[in-house]
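Just below is one structure, and these are the notes that go with it.
Readers should treat all values here as calculations from the given coordinates under stated rules, not as data from a laboratory. This structure is a prediction, so every number in the text was calculated from the model and none was measured. Virtual Cβ from ideal backbone geometry, glycine too; neighbours counted across all protein chains shown.
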Amino acid sequence: MQKIPIDLAGPGMKLAKPVTKDNGMTVMAEGMELTDSLISRLKNMSVERITVQGNPVDMGGAGAGTVYAERLERLDPLFRRYTNDKWMNRVKDRMSQYFHIKAAAQEAKRKALEALMAGDDEIEEENVEGEE
């Protein structure tokens, strides 16, 4: 189950939870398969997020466009009020460790994709030269 922004919803995804209005009225039932027209209706109703079955969208962790290096930079300002609280400092340290690991993995993935894309360009150039 994954909660995603409505802009990332696509046809064929199934709702894992019902979509409800602010007053609690159910708009779409759990298990409904989304279509382009249903997604458009949800957008027109100002629905911002839906919960779908599985994990169909790679959101980079906690959210779309999450960059863990940026989250790491934000820890100090977020915990500035708790400099003397040993428990909050432990939480901050754990979060820092986690974001360091995730940032390193994200960077490695980015470099691998760049290398792969660079390799594809070289392969395409070789194919073009061989056809002439």
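Charge dipole (Cα centre; +1 on Lys/Arg Cβ, -1 on Asp/Glu Cβ; no other charges) of the stretch 2-52 amounts to roughly 80 debye. Seen from ILE50, the other residues with C-beta closer than 10 Å to its C-beta sum to a net charge of +2, counting Lys and Arg as +1 and Asp and Glu as -1.
Packing around the peptides 22-31, 69-78, taken as the average count of other Cβ atoms within 10 Å per residue, puts them in this order, highest first: 69-78, 22-31. Ordering 97-103, 81-87 by mean Cβ neighbour count within 10 Å, with the highest value first, yields 97-103, 81-87.
Would you tally the net charge around SER96, using a Cβ to Cβ cut-off of less than 10 Å, leaving SER96 out, and scoring K and R as +1, D and E as -1?
Details: positive: ARG71, LYS92, ARG94; negative: ASP76, ASP93.
Residues close to SER96 contribute a combined charge of +1.
Ranked by the mean number of other Cβ atoms within 10 Å per residue, highest first, peptides 41-50, 7-16 order as 7-16, 41-50.
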